[in-house]
Amino acid sequence: IQPSVHEALMEGRPVVALESTIITHGMAYPQNLSMAREVEEIVTTNGAVPATVGILRGRIHVGLTDEELEFLASSKNVVKVSRRDLPFVLSQGLSGGTTVSGTMIAAHKAGIPVFVTGGIGGVHRGGENTLDVSADLTELGRTPVAVVSAGVKSILDIGRTLEYLETQGVCVAAFGESREFPAFFSRQSGFQAPYHIRDEEEAAELIASALGLGLSSGVLIAVPCPQERAASGQVIEEAIQQALGEARSKGITGKELTPFMLQKLNELTGGKSLDSNLALIQNNARVGSCIAVALSKLQKDRRKGNLPRQEDTTPPQPVVIGGTNVDFIAKAQNPVILGGGQTNAGRVRRTFGGVGRNLADCLSRLGQTPLFLSAVGKDEHSESILHYCHHMDMSAVLQLEGKSTATYCAVITSAGELSIGLGDMDIHHQITEQYVSQFKENLCQAPLVCIDGNVPLSTIQYVCQLAREHQLAVCYEPTDENKASKPFLSDSWKALTYISPNLQELRAINRTLGNPLPAGIEYSE
């Protein structure tokens, strides 16, 4: 992830993902490069951070430098990369432009909820016989990213595409004055979108609702091409029929079909289709950026409690009790770390961790959104954490005046081995029995309770006692060798359902229980 994008995500600022197939396969050089630069500039001007996604020498990049944009724009042998292509392209160290599907995957993994493109793929004409259906549609059905596009490319079967999106459970809404579903180059397709949103605030509410439900499916926001630069539907349709006939006669199918059709349409319409294409991409970038800004503001307001929360009718949540940390990871550049107060060259990055927070994050990404009980300070670190964890239920986390959010600094050798770790973890002592007991009702109804070794002993014993009384499933993550034994200092451990120690933690637990070490294990790694 490019540093400017990573920083924006950490701080909760709006970020807009952009695809790169339009650069590598949609337009000729150098027009593709000037278009890519212009779209990024539009995103920036409208208050968001652009994150163009591409594959460079076997690595996914979220956010590209100008040199990387130029490399993709000018390279001849780059791959068009969808979901199915990612494993091969990465394993072979190849470069490529990501499709809507490929970009959605990267955007979701990076934590970017809004993605702008020209038009999505769909069911190809004759698809009822060929089964040629774009992976963009199935991706929208399984990846929770909002895609802002000018509808579906008009070379496709728009009616069947809308039917397929319905089958995939994708919420589709037309943006602006009309409910008419746009047809890429032209504003009219003859089909109505299922829903209609008037402006970026309504779009932000829609996306926030979809993300809040944890449906794991995307949203398609269809934005019509600007009136003054839209192509005539009849002119485009005649050109499409001619281009389709030529594609059939040449045996062009699959991923080669769309680039061929777009180039042929540009020729047949005397450049009118390309002009419309550029206009709609620029317009989508403007609209998508405004939506991302509105969504960021909405999420920030809700985190601050400025808006009423919707009444919770969901099943009982899992509960996670544990630490929240800001981690600073410093990796040395050279094999030998020099002492004596010298500065060693290396890379330092900030990430958000804490065993409990990591568990709650994973459960949230799996659609289980647990109630998270933890403690942070009221400082610059806590603000960044709350921004980063916007997809989690952080409503019960203690924010304490005069306390420091837990921080951890790891110095790692160039080979990846931990050289030294320093931690300021005192705030974990504030995850007290008195604090946790306020959520007794949530605990007693929880399908799963997770607790980590950072939590004070008395709190662990309280949770284990509740678990015995109410037959609760409790997962204990020992955290480290010095903390692993806490439940095993009494009979509390008998209430645990799961435990996940490494070998050193298991040795410590074994010693606490007074059991002999099995022969040979002391040498195992």
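The values are calculated or read from the model by the stated rules, or taken from the named source; none is laboratory data. Remember, predicted model here, so these are calculated numbers, not experimental data. Glycine also receives a Cβ, built like all others from the backbone with ideal geometry; neighbour counts cover every protein chain displayed. Just the protein is used for accessible areas: all its heavy atoms, side chains included, with ligands, DNA and RNA removed. Shrake-Rupley method; radii C 1.70, N 1.55, O 1.52, S 1.80 Å.
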Practice task
Considering each of Ala279, Ala239, Ala204 in turn, give the residue that is surrounded by 22 or more Cβ atoms within 10 Å (Cβ to Cβ), more than 27 Å from the chain's Cα centre (by Cα) and in contact (Cβ under 8 Å) with a residue 12 or more places away in the chain.
Solution key: Ala239
Exercise for the section: Give the residues of the range 70-91 that are closer than 24 Å to Thr138 by Cβ and not basic (Lys, Arg), sorted by residue number. Expected result: Val78, Val79, Val81, Ser82, Asp85, Leu86, Pro87, Phe88, Val89, Leu90, Ser91
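With the condition being surrounded by 24 or more Cβ atoms within 10 Å (Cβ to Cβ), I'd like the strands (runs of 3 or more DSSP E) fully within the range 18-94 carrying at least 2 qualifying residues. Please lay out each step first, then the result.
Details: elements: 49-56, 59-62, 79-81.
Passing ranges, in order: 49-56.
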Handout entry: Residues satisfying the stated conditions in the range 249-271, i.e. exposed (fewer than 11 other Cβ atoms within 10 Å of the Cβ) and more than 22 Å from Ile120 (Cα to Cα)
Key = Ser249, Lys250, Gly251
Problem - Val348 vs. criteria of a type in the set (Val, Ile, Thr), outside any loop (DSSP other than H, G, I, E, B), open to solvent by 80 Å² or more (accessible area, probe 1.4 Å) and farther than 21 Å from Ile431 by Cβ - result: yes
Handout entry: Matching residues in the range 102-144 - criterion: being charged (D, E, K, R) and in contact with a helix residue (DSSP H, G or I) (Cβ under 8 Å, 6 or more places away or on another chain)
Key = Arg125, Glu128, Asp132, Asp136, Glu139
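Name every residue in the range 351-363 that is within 18 Å of the chain's Cα centre (by Cα) and not acidic (Asp, Glu), in order of residue number.
Going through the range 351-363, the residues within 18 Å of the chain's Cα centre (by Cα) turn out to be 351-353, 357-363.
Hits for the range 351-363 are Thr351, Phe352, Gly353, Arg357, Asn358, Leu359, Ala360, Cys362, Leu363.
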Exercise for the section: Kindly establish whether Gly354 is of a type outside the set (Val, Ile, Thr) and on the phi > 0 side of the Ramachandran plot. Expected result: yes
Practice task
Look at Lys109 and say whether it is charged (D, E, K, R) and in contact with a Gly (Cβ under 7 Å, 6 or more places away or on another chain).
Solution key: no
Completion exercise
Among helices (runs of 4 or more DSSP H) entirely within the range 409-525, at least 2 residues that are more than 20 Å from Val397 (Cβ to Cβ) occur in 457-470, 503-512
Exercise for the section: Check Gly377 against each of (1) within 27 Å of Lys486 (Cα to Cα); (2) open to solvent by 60 Å² or more (accessible area, probe 1.4 Å); (3) touching a helix residue (DSSP H, G or I) at 6+ places or on another chain (Cβ under 9 Å); (4) not charged (D, E, K, R) and name the one condition it does not meet. Expected result: (2)
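Give Ile412, Ile385 a once-over and let me know the one that is touching a Phe, Trp or Tyr at 6+ places or on another chain (Cβ under 6 Å), outside the structural domain of Gln299 (by the TED database) and closer than 26 Å to Glu11 by Cβ.
Values: Ile412 fails: touching a Phe, Trp or Tyr at 6+ places or on another chain (Cβ under 6 Å).
Exactly one of Ile412, Ile385 is touching a Phe, Trp or Tyr at 6+ places or on another chain (Cβ under 6 Å), outside the structural domain of Gln299 (by the TED database) and closer than 26 Å to Glu11 by Cβ, namely Ile385.
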Practice task
Answer yes or no as to whether Ala210 is open to solvent by less than 60 Å² (accessible area, probe 1.4 Å), in the same structural domain as Phe175 (by the TED database) and over 32 Å from the mean Cα position of the chain (by Cα).
Solution key: no
Practice task
Search the range 122-139 for residues that are in the same structural domain as Pro259 (by the TED database) and closer than 10 Å to Leu156 by Cβ and pair each with any residue that is among the charged types (D, E, K, R) and at pLDDT below 90 when their beta-carbon atoms are under 6 Å apart and the residues are at least 6 apart or on different chains.
Solution key: His124/Asp132
